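For reference, the structure is listed below as structure tokens.
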Amino acid sequence: MKIKLELFGASRDFSKKDYLEFNLKEKSSIKDLRHEILNFVENNFKGNDNYKKLVKSSAFCSEENNIVSDDYKIIKEQNIGIIPPIGGG
Amino acid sequence: MLHAKIIDAIKEKVDIANAQKFITSRKYGASIYFVGTVRDQNNDKKVTGITYDSHDALVIKSFEEIYKEAETKFKFKNIAVYIEHIKGYVELGETSIIIAVACKHRAQAYEFSRYVIEEIKKRTPIWKKEHYEGEDSKWLKGNPLIDQNQSK
């Protein structure tokens, strides 16, 4: 199942594009996706601690524009946004 | 009555005149304008500009939720609120956010305006990348929207 992870804020440093793509097993959860992103950081940025902290402190946003918890089941291919700690205004 | 919008810095600017047009009415006796601008220093570093990033749909949803919550919390009737936030690169002195509030009395306007900006700071998905002299730049740390115990 292909998931397009839309990048925002500091997570934009993960790629020159504004998204990353992951292949997840059916019925994966946000927790599984977070794990895949941590693996991506491990493999592509030598386990950069700041990036790992960023992933661990990020929320995720479903295609329906809801903030979803780690238990949220991803039941179809979709775009998911990673929402790092916020600070606008 | 609410106006909520993300402004793309490449195409437009946040303009206080537009806010004034929206909130001006003979029904209201008090108007407050909160204007956030890009300043030239932060944490002893010389800032040359800020790039704002935004999850547009969530930002608008957040503005609407904050407005509704404030209406319920303060129980004010007949209030006009105008919220715009920029995204993209913004130079020193330029406006990043405007919150204009108009209602019957000044105390209500101050309360409502303060509530809106503080809630935006806490939970609206907008990010800042500061640019410094020497072409260095850094995403600023912010408030996590999750309980980090759940992500371990």
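Each reported figure results from applying straightforward, stated rules to the coordinates on display, with no laboratory input. Note that the coordinates shown come from a computational prediction; the quantities given were computed from them, not determined experimentally. Methodologically, a virtual Cβ is constructed for each residue, glycine included, from the backbone with ideal geometry; neighbour enumeration extends over all protein chains shown.
Can you list residues whose amide H is under 5 Å from residue A:83's amide H, if they're 5+ apart or on another chain and H is modeled 1.01 Å from N?
HN-HN under 5 Å from residue A:83: A:59, A:60, A:61.
Which whole-angstrom value gives the distance between the alpha carbon centres of the range B:12-61 and the range A:8-34?
If we compute the Cα centre of each part, the gap is 31 Å.
Just tell me how shielded A:76-86 is by partners: mean number of partner chain Cβ atoms within 10 Å of each residue's Cβ, no decimals.
Numbers: counts 0, 0, 0, 0, 0, 4, 1, 7, 8, 11, 20.
Partner Cβ neighbours, averaged per residue: 5.
At residue A:27 and residue B:64, where each label point lies 7 Å from the Cα along Cα→Cβ, what is the point-to-point distance in nanometres?
3.4
Arrange the following residues from fewest to most other Cβ atoms within 10 Å of their Cβ: A:55, B:116. Kindly include the intermediate steps, with their values, before the conclusion.
Numbers: A:55 20, B:116 23.
Arranged by neighbour count, lowest to highest, A:55, B:116 become A:55, B:116.
Starting at the first residue of the range B:28-37, write each ³J(HN,Hα) from the Karplus equation 6.51 cos²θ - 1.76 cosθ + 1.60 with θ = phi - 60°, in whole Hz, x for Gly and Pro.
9, x, 9, 10, 10, 10, 9, 10, x, 10
Mind sorting B:28, B:89 by how few other Cβ atoms lie within 10 Å of their own Cβ, fewest first? Walk me through the intermediate numbers first.
Details: B:28 18, B:89 15.
Least crowded to most crowded, the residues run B:89, B:28.
Hey, what do the phi angles of the range B:14-23 turn into as Karplus ³J(HN,Hα) couplings, whole Hz, using 6.51/-1.76/1.60 and θ = phi - 60°, x for Gly and Pro?
7, 10, 5, 5, 5, 5, 4, 4, 5, 9
Partner chain Cβ atoms within 10 Å, averaged over the residues of B:131-144 - can you pull that number for me?
On the way: counts 0, 0, 0, 0, 0, 0, 0, 1, 10, 6, 7, 8, 4, 9.
Partner-chain Cβ atoms within 10 Å, mean over residues of B:131-144: 3.
For a paramagnetic label modelled at 7 Å from the Cα of residue B:45 toward its Cβ, which residues of the range B:88-118 fall within the zone defined by backbone nitrogen distances under 18 Å?
Flagged as within label range: B:89-93.
Post the alpha-carbon centroid distance, the range A:35-62 to the range B:89-152, in whole angstrom.
With the range A:35-62 and the range B:89-152 each reduced to a Cα centre, they are spaced 24 Å.
Apply the a/c threshold of 1.5 to the C-alpha gyration tensor of the range B:43-152 and tell me whether it is rounded, prolate or oblate. List each step's numbers first, then the result.
Numbers: a/c = 2.49, a/b = 1.53, b/c = 1.63.
Here the range B:43-152 falls in the oblate category.
Which whole number gives the average count of other chain Cβ atoms within 10 Å of the Cβ atoms across peptide B:124-130? Could you put the intermediate results ahead of the total?
Details: counts 4, 12, 6, 11, 5, 4, 0.
Rounded to a whole number, the mean comes out at 6.
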